[in-house]
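The values are calculated or read from the model by the stated rules, or taken from the named source; none is laboratory data. Remember, predicted model here, so these are calculated numbers, not experimental data. Counting neighbours? That spans all protein chains shown, and the Cβs are built from the backbone with ideal geometry, glycine included. Side chains included, ligands, DNA and RNA excluded: accessible areas come from the protein's heavy atoms. Shrake-Rupley method; radii C 1.70, N 1.55, O 1.52, S 1.80 Å.
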Amino acid sequence: MNKEHYIGIMSGTSLDGVDVVLCEIDSNSCNLITSLEYPMPLKLKSVILRVIEENCTLESLGEIDHRLGLLFTEAVGALLIRENIDPSGINAIGLHGQTLWHAPKGEYPFTMQLGDPNILAAKTGVPVVADFRRKDVALGGQGAPFAPAFHEFIFSNINSSVSVVNIGGMANITVLGDKLIGYDTGCGNVLLDMWIAEHQGKAYDENGEWASTGVVDYTLLDKMMSDDFFQEPYPKSTGREKFNNVWLQKYLSGHTHTPEDVQRTLLELTAMSISNEVLKFNPDITLLCGGGAKNTFLVERIKVLMPNVEVAISANADQIEAMTFAWLAYKRMHHQKVNLKDVTGASDNAVLGGIYV
């Protein structure tokens, strides 16, 4: 089968930027050709966070949807211009969108990703595949995580028992085997980024340097680890609607602490919540990807907590999430179901995403 070219776009819960990738895909492979990280405007980031954390109007939601559509269009345009790529050679663009709220449980389950795909399709002239998650929710699934299906596609040729951990704003695990298993383990970078932004005005703690100056508050850590989410069986997924400043302040209440000790404790929370889940499956190898894989202190702590598991950084660690949505666009354009029901708890595998032309 001829190889086809797809663009994937991912803007995660960290809100640190838009990842854009160009991939060459066929039924057996997905190869990264080039990528670009496009910055998230600080004003737009603050508006999105305000909408997530506070009440908002329908007008503000509509405006964010349009602004994100423009942002994703700018990000794709930047990649096309930099690489001198003719859009007519792109089969489709896979657009995840920006998650504002994820609530797959309850009487009326839903998940909300904004970023109008019509704008992207109109301005690039390339078909856009978007709205991937809601079909899975309609089938009774969590609508997340989706990365495990792609992890299975690209890593199943490894001749060892393998788990893959993606550390974005939230963290998720994939366990490859006879039955595909995958679920969110809890907070990844979200609380770490939030805390350092509040106390040092930085977007993230590079290499965990600030966290490394603090001391773990084990009383606080034990209380946070006792949260209901960490006790729930899979399938499960989460987002900023759960792990946010309100959640953190609930556990900080009554504690005397220094900011750096909280940062250190939050890093240990991420490392422990990940390692606890990996160790349930006892893999030979754990591959790390996502932004958190660049945090050397966090990676070091994960390795210490899993001394009998080989921990490595995956190839294209920063781009795998965006590559996932390029591949999902390929699956949709070929009307192929995605193997996710065992991950999300949906009643069946489904063809995911709507096509905008």
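Might you check whether a residue that is within 23 Å of residue 142 (Cα to Cα) and surrounded by fewer than 19 Cβ atoms within 10 Å (Cβ to Cβ) occurs anywhere in region 200-223?
no
So how many residues does region 177-192 have that are surrounded by 22 or more Cβ atoms within 10 Å (Cβ to Cβ) and more than 16 Å from residue 258 (Cα to Cα)?
9
Quick check, is residue 84 at pLDDT 95 or above and either under 23 Å from residue 326 (Cα atoms) or open to solvent by less than 20 Å² (accessible area, probe 1.4 Å) (or both)?
yes
Taking the residues in region 1-22 that are closer than 14 Å to residue 74 by Cβ and modelled with pLDDT under 95 as candidates, determine which candidate is surrounded by the fewest Cβ atoms within 10 Å (Cβ to Cβ).
Looking at residues that are closer than 14 Å to residue 74 by Cβ and modelled with pLDDT under 95, I get 17.
Can you work out which of the residues in region 42-54 that are farther than 21 Å from residue 192 by Cβ and in contact with a helix residue (DSSP H, G or I) (Cβ under 7 Å, 6 or more places away or on another chain) is modelled with the lowest pLDDT? Before the answer, list the steps.
Within region 42-54, the first condition is being farther than 21 Å from residue 192 by Cβ, and the residues that meet it are 43-44, 47, 51, 54.
Next, from what is left, pick out any that are in contact with a helix residue (DSSP H, G or I) (Cβ under 7 Å, 6 or more places away or on another chain): 44, 47, 51.
Numbers: 44: 94, 47: 93, 51: 89.
Among them, the one singled out is 51.
Does region 23-43 hold any residues that are open to solvent by 10 Å² or more (accessible area, probe 1.4 Å), in contact with a Gly (Cβ under 8 Å, 6 or more places away or on another chain) and in contact (Cβ under 8 Å) with a residue 60 or more places away in the chain, and which are they?
Across region 23-43, the qualifying residue is only 37.
Among the helices (runs of 4 or more DSSP H) contained in region 206-253, which hold 1 or more residues that are touching a strand residue (DSSP E or B) at 6+ places or on another chain (Cβ under 8 Å)?
228-231
Would you call residue 171 assigned to a loop (DSSP other than H, G, I, E, B), crowded, with 24+ Cβ neighbours inside 10 Å and either at pLDDT 95 or above or among the hydrophobic types (A, V, I, L, M, F, W, C) (or both)?
The answer is no for residue 171.
Hey, could you check region 334-353 for residues that are free of Cβ contacts under 8 Å to residues at least 60 places away in the same chain and on the phi < 0 side of the Ramachandran plot and say which is surrounded by the most Cβ atoms within 10 Å (Cβ to Cβ)?
To start, the set of residues in region 334-353 that are free of Cβ contacts under 8 Å to residues at least 60 places away in the same chain comprises 334-337, 349.
In the following step, the residues that additionally are on the phi < 0 side of the Ramachandran plot were identified as 334, 336-337, 349.
Details: 334: 13, 336: 14, 337: 13, 349: 18.
Per the stated criteria, the residue is 349.
Could you tell me whether residue 321 is of a type in the set (Asp, Glu), surrounded by 18 or more Cβ atoms within 10 Å (Cβ to Cβ), out of contact with any Pro (no Cβ under 9 Å at 6 or more places or on another chain) and within 30 Å of residue 121 (Cβ to Cβ)? Don't jump to the end; show me each part of the working.
Details: of a type in the set (Asp, Glu): yes; surrounded by 18 or more Cβ atoms within 10 Å (Cβ to Cβ): yes; out of contact with any Pro (no Cβ under 9 Å at 6 or more places or on another chain): yes; within 30 Å of residue 121 (Cβ to Cβ): yes.
For residue 321, the condition - of a type in the set (Asp, Glu), surrounded by 18 or more Cβ atoms within 10 Å (Cβ to Cβ), out of contact with any Pro (no Cβ under 9 Å at 6 or more places or on another chain) and within 30 Å of residue 121 (Cβ to Cβ) - is met.
Could you tell me whether residue 219 is within 17 Å of residue 292 (Cβ to Cβ) and either of a type in the set (Ser, Thr, Tyr) or touching a Gly at 6+ places or on another chain (Cβ under 6 Å) (or both)?
Values: within 17 Å of residue 292 (Cβ to Cβ): no; either of a type in the set (Ser, Thr, Tyr) or touching a Gly at 6+ places or on another chain (Cβ under 6 Å) (or both): yes.
Answer is no for this residue.
Of all residues in region 287-315 being under 25 Å from residue 198 (Cα atoms) and basic (Lys, Arg), which is least open to solvent (accessible area, probe 1.4 Å)?
Going through the qualifying residues, I end up with 301.
Among the numbered criteria (1) surrounded by 16 or more Cβ atoms within 10 Å (Cβ to Cβ); (2) of a type outside the set (Val, Ile, Thr); (3) over 19 Å from the mean Cα position of the chain (by Cα), which single criterion is violated by residue 284?
(1)
Of 35, 14, 27, which residue is of a type in the set (Gly, Ala, Ser), more than 20 Å from residue 113 (Cα to Cα) and part of a loop (DSSP other than H, G, I, E, B)?
After ruling out the rest, the residue left standing is 27.
Out of region 97-141, which residues are open to solvent by 30 Å² or more (accessible area, probe 1.4 Å), more than 16 Å from residue 346 (Cβ to Cβ) and of a type in the set (A, V, I, L, M, F, W, C)?
Selection gives 101, 112, 122.
When region 115-168 is examined, which residues are found to be among the small types (Gly, Ala, Ser), within 23 Å of residue 73 (Cβ to Cβ) and part of a loop (DSSP other than H, G, I, E, B)?
115, 125, 168
Is it the case that some residue within region 54-72 is part of a loop (DSSP other than H, G, I, E, B), within 28 Å of residue 149 (Cβ to Cβ) and small (Gly, Ala, Ser)?
No.
Read through the list (1) more than 29 Å from residue 22 (Cβ to Cβ); (2) open to solvent by 10 Å² or more (accessible area, probe 1.4 Å); (3) assigned to a helix (DSSP H, G or I), then give the number of the only condition that residue 331 fails.
Going through the list (1) more than 29 Å from residue 22 (Cβ to Cβ); (2) open to solvent by 10 Å² or more (accessible area, probe 1.4 Å); (3) assigned to a helix (DSSP H, G or I), residue 331 breaks only (1).
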